[in-house]
Amino acid sequence: MKLLLLRLSSLGDVLHTLPAMSDLAVHCPDVEVDWLVEPAFAPVVAWHPKVKNAIPFSLRALKKTPLTFPAALRQLRNTLLANHYDAVLDSQGLYKSALLARLAGAPVSGLAADSAREPGASRLYQQRFTVPWSSPAIARNRQLFAAALQYPLPDTPPDFALAPLRRQWQDQSLADPLLQWVRKPFVMGFHATSAAWKTKEWPERHWRTLASHLCVKGLNLLLPAADERERLRVASIKAAADNVIALPRLNLETLAMVMSKAQAFVGMDTGLSYLGSALGLAGVTLYGPTSLERLAHGGEQQINLQSSQACAPCGKPRCPLPQAQNGRILCQEALEPDLVWAALSSLLESSAS
């Protein structure tokens, strides 16, 4: 059986789908899977051993060049039809993913209206499955896959199937320009989120305090800086901390290779935090406006901290409190750096013993 899977974006959503792929590998070893995904996340998809082909297709890029949209869709349709899929599974539940799923010319399965992010998308599916919103994101994907592919829902811990890749990267030498960042033990800091969710970002002064704790322990803090906004944030953090290193923009695989050599990570509710935990890296993930119960990765090496602020988690990308007008996000401020350092210290001590 040839199956086309659609989970176009984002990085976190793609990573939350990997354990369902691992379930599928165990229960349906004869199913051959291709995955349609945004090009930026195609490397992550290709890392999973169950995926035969990662098919990159960028709706995001086409929005910038709308005149090319019809030709790009025709080309995608021809590619998908030529692969002769027996079935299609849309695990995203959006109009855009459902419409692309129909291009493959095979029966499409997906979430029922009461389970999809955009309920109307379910009308484009031949088979619909209800998955409770109360379940965490990883569990929802595992439930959908089990129902659509008709195998018993596993009760095993989620398997991202990336730990072997991390071990391979740990033993692999980095290119010379990258060695300067990993000569000294370090912790990764995933300090930035998308511009639409600035409410998820930890205050810069908290990062500076964390950096000072790490400095006492002889550890550097590596902070990715992929664009101008992130570079400005890192510069502000670095100004008061000699052990902070700003990473330039790296492709996802190179960044993952650097991450694999870290002692641990501290991060927001963002894709890179989920990549770190999927790779098996010990880490502390901070949740302010979003809910750790819905999104957090579990495991002995993961500590997830929810803000103690009374209004958290509100689930809102824009904070409605008056303090937000002055750039203050109270739920993130409530995640005190000493609390985060205590959690991180326990993970560092555990890995050292």
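The values are calculated or read from the model by the stated rules, or taken from the named source; none is laboratory data. Given the structure is predicted, the values throughout are model-derived calculations rather than measurements. Ideal geometry is used to build each Cβ from the backbone, glycine not excepted, and the neighbour counts take in all protein chains shown. Side chains included, ligands, DNA and RNA excluded: accessible areas come from the protein's heavy atoms. Shrake-Rupley method; radii C 1.70, N 1.55, O 1.52, S 1.80 Å.
Out of segment 168-193, which residues are open to solvent by 30 Å² or more (accessible area, probe 1.4 Å) and touching a residue at least 40 places away in the same chain (Cβ under 8 Å)?
GLN170, GLN172, VAL182, PRO185
Can you tell me which condition ARG328 does not meet? The list is (1) more than 20 Å from ALA195 (Cα to Cα); (2) assigned to a loop (DSSP other than H, G, I, E, B); (3) open to solvent by 30 Å² or more (accessible area, probe 1.4 Å), and all the others hold.
Status for ARG328: all satisfied but (1).
Just to be sure I understand, how many residues within segment 245-263 are closer than 15 Å to ALA278 by Cα, among the small types (Gly, Ala, Ser) and either without any contact (Cβ under 8 Å) to a residue 40 or more places away in the chain or not in a helix (DSSP H, G or I) (or both)?
Of the residues in that region, 2 qualify.
When the residues of segment 264-287 are narrowed to those that are within 22 Å of ASP13 (Cβ to Cβ) and in a loop (DSSP other than H, G, I, E, B), which ends up nearest to the chain's Cα centre (by Cα)?
Looking at the filtered set, the residue picked out is THR270.
From the list LEU67, LEU8, LEU4, which one is farther than 21 Å from PRO164 by Cβ, of a type in the set (A, V, I, L, M, F, W, C), out of contact with any Gly (no Cβ under 8 Å at 6 or more places or on another chain) and open to solvent by 60 Å² or more (accessible area, probe 1.4 Å)?
Exactly one of LEU67, LEU8, LEU4 is farther than 21 Å from PRO164 by Cβ, of a type in the set (A, V, I, L, M, F, W, C), out of contact with any Gly (no Cβ under 8 Å at 6 or more places or on another chain) and open to solvent by 60 Å² or more (accessible area, probe 1.4 Å), namely LEU67.
Taking segment 194-221 only, how many residues are open to solvent by 10 Å² or more (accessible area, probe 1.4 Å) and part of a loop (DSSP other than H, G, I, E, B)?
Within segment 194-221, residues that are open to solvent by 10 Å² or more (accessible area, probe 1.4 Å) and part of a loop (DSSP other than H, G, I, E, B) number 6.
Within segment 297-325, restricting attention to residues that are assigned to a loop (DSSP other than H, G, I, E, B) and within 20 Å of SER260 (Cα to Cα), which residue is most open to solvent (accessible area, probe 1.4 Å)?
Selected residue: GLU300.
Out of (1) open to solvent by less than 40 Å² (accessible area, probe 1.4 Å); (2) more than 20 Å from ARG294 (Cα to Cα); (3) among the polar types (S, T, N, Q), what's the single condition that is false for THR79?
(1)
Restrict the check to segment 312-327 and report whether at least one residue is within 28 Å of LEU165 (Cα to Cα), in contact with a helix residue (DSSP H, G or I) (Cβ under 7 Å, 6 or more places away or on another chain) and at pLDDT 95 or above.
For segment 312-327, residues within 28 Å of LEU165 (Cα to Cα), in contact with a helix residue (DSSP H, G or I) (Cβ under 7 Å, 6 or more places away or on another chain) and at pLDDT 95 or above: absent.
So which residues in segment 98-149 are basic (Lys, Arg) and touching a helix residue (DSSP H, G or I) at 6+ places or on another chain (Cβ under 9 Å)?
Within segment 98-149, the subset basic (Lys, Arg) is 102, 117, 123, 128, 140, 142.
Across segment 98-149, the qualifying residues are ARG102, ARG123, ARG128, ARG140, ARG142.
Could you give me the residue pairs with C-beta distances under 8 Å whose first residue belongs to segment 308-322 and is in contact (Cβ under 8 Å) with a residue 24 or more places away in the chain and at positive phi, whose second residue is in a helix (DSSP H, G or I) and surrounded by fewer than 12 Cβ atoms within 10 Å (Cβ to Cβ) wherever it lies, and which are 6+ apart or on separate chains?
Matching pairs, first to second residue: none at all.
Residues checked against (1) of a type in the set (A, V, I, L, M); (2) under 24 Å from GLY12 (Cα atoms):
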position: LEU174; (1), (2): yes, no
position: PRO177; (1), (2): no, no
position: ASP242; (1), (2): no, no
position: ALA256; (1), (2): yes, yes
position: ALA262; (1), (2): yes, yes
